[in-house]
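Encoded as structure tokens, the structure appears first; notes follow it.
The values are calculated or read from the model by the stated rules, or taken from the named source; none is laboratory data. Source: prediction; values computed, not measured. Here Cβ is always computed from backbone atoms with ideal geometry, including for glycine, and neighbour counts include all displayed protein chains.
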Amino acid sequence: MASASPLIDRHGRTISYLRISVTDRCDLRCRYCMAEQMTFLPRERLLSLEEIALIAERFIARGTSKIRLSGGEPLVRRDIIDLARRLGRHLGDGGLDELTMTTNGVRLGEHAEALADAGMRRVNVSLDSRDPEVFRHITRHGQIETVLGGIAAAKAAGLAVKINMVALKGLNAHEIADMLAWCADEALDLTLIETMPMGSVDEDRADRFLPLTHILDDLLGRFDLRRDAHRSGGPARYWRLAGTDTRLGLISPLTANFCDGCNRVRLTTEGRLYLCLGHDDQVDLKAAIRDGGLPAVDAAIDAALAIKPRRHDFRIAEGSAPAVARHMSVTGG
Ligand code: SAM
Ligand code: SF4
């Protein structure tokens, strides 16, 4: 094997978290994420399940302790449960501390138990509104009952659920306090996210951008929120809702930069390893694995660590182009 050295980037940050976008396709079309008409990758360009697993296993061998399956919608990929089972074998003594998923919840009712059987303990479910009409509007055609059923199935299977909610001016801003109260009742965590300028959508994101600093002031006035020291090594800052198990997270890339502690890289379904959400730097692990096998994958990972950017540079202004042309669904958030 070319290298089994730990993953440390050129800025001295240890990379311990791999996100894998297993498909760029989705059964919803959230307005801030995708355009209504999207062109997806032809299937012959995708990594096979075996290739994804082999690449992920190189990361695990080199110290990656957390893997998140995402997309697009990960549960629309046909062999997703096989992949979860394969990676789940590395949990515990196999080097992996956590295998998790971000999903829109539409197919969670069908798959929650299999995911729990594979060793998953937590999932993130996107839910931008609990109002059926607003939910349908944001997702363009989603049915909220299906997602609520998916969340219930996940809980019944023993999975802890965190709700992801993108804060959107004029769409769901008025629902944020209610969402937090509901999460407390349902024993769910909640993470609020600022909309990020990634990929063209049919609307100007500036019209919907809501700085979380404003939201936080409002929530602090309504709830007994205590700052929580919890760090996921990720972008969120956390608060604990007193008297409950609910943790509130804020991901505010536009108003509070979080890149100094960045511990993650992202593999696309086409085999490209992206080093930062806000930049195009990437290496081609599909070419590496197909042309040179695992030693070439290791060498490409090393080359990637040498070019990982220091920070993103997201800005949202009226009429401005996205910071990067690719959509969030390409790299899985
Ligand atoms: N389909 C799954 C879902 O919706 O949870 C997983 C993929 S989705 C790209 C991952 C997360 O990214 C979701 O919570 C979604 O709301 C968020 N997201 C997508 N586009 C975004 C954007 N432009 N800015 C901020 N968050 C975004
Ligand atoms: Fe699909 Fe998730 Fe993007 Fe919504 S946020 S369109 S569910 S990938």
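Residues that are closer than 20 Å to residue 156 by Cβ and either within 15 Å of ligand 1 (Cβ to nearest atom) or β-branched (Val, Ile, Thr) (or both) within region 120-129 comprise 120, 122, 123, 124, 125, 126, 127, listed in sequence order. Could you check region 77-87 and list, in sequence order, the residues that are closer than 20 Å to residue 153 by Cα, away from ligand 2 (no atom under 15 Å from the Cβ) and outside any loop (DSSP other than H, G, I, E, B)? Across region 77-87, the qualifying residues are 81, 82, 84, 85. Scanning region 38-73 for residues that are aliphatic (A, V, I, L, M) and buried (at least 22 other Cβ atoms within 10 Å of the Cβ) yields 47, 52, 55, 56, 67, 69. Within region 177-205, the set of residues being closer than 19 Å to residue 245 by Cβ, within 16 Å of ligand 1 (Cβ to nearest atom) and in a helix (DSSP H, G or I) comprises 179, 183. Of the residues making up region 202-225, not one is of a type in the set (Asp, Glu), modelled with pLDDT under 90 and in contact with a strand residue (DSSP E or B) (Cβ under 8 Å, 6 or more places away or on another chain).
Results for (1) hydrophobic (A, V, I, L, M, F, W, C); (2) more than 16 Å from ligand 2 (Cβ to nearest atom), shown as yes or no for each residue.
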| site | (1), (2) |
| --- | --- |
| 56 | yes, yes |
| 66 | no, yes |
| 75 | yes, no |
| 98 | no, yes |
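For region 23-40, taking the residues that are of a type in the set (A, V, I, L, M, F, W, C) and in contact with an Asp or Glu (Cβ under 6 Å, 6 or more places away or on another chain), the one that is nearest to ligand 2 (Cβ to nearest atom) is identified as 26. Residue 86: closer than 29 Å to residue 286 by Cα, within 15 Å of ligand 1 (Cβ to nearest atom) and not hydroxyl-bearing (Ser, Thr, Tyr), yes or no? It is false that residue 86 is closer than 29 Å to residue 286 by Cα, within 15 Å of ligand 1 (Cβ to nearest atom) and not hydroxyl-bearing (Ser, Thr, Tyr). Beta carbons closer than 6 Å, at least 6 apart along the sequence or on distinct chains, pair a first residue in region 13-37 that is among the polar types (S, T, N, Q) with a second that is more than 10 Å from ligand 1 (Cβ to nearest atom) and not in a loop (DSSP other than H, G, I, E, B) for 14/8. Of everything in region 118-132 that is of a type in the set (Gly, Ala, Ser) and either modelled with pLDDT under 95 or farther than 16 Å from residue 28 by Cβ (or both), the residue that is nearest to ligand 2 (Cβ to nearest atom) is 118.
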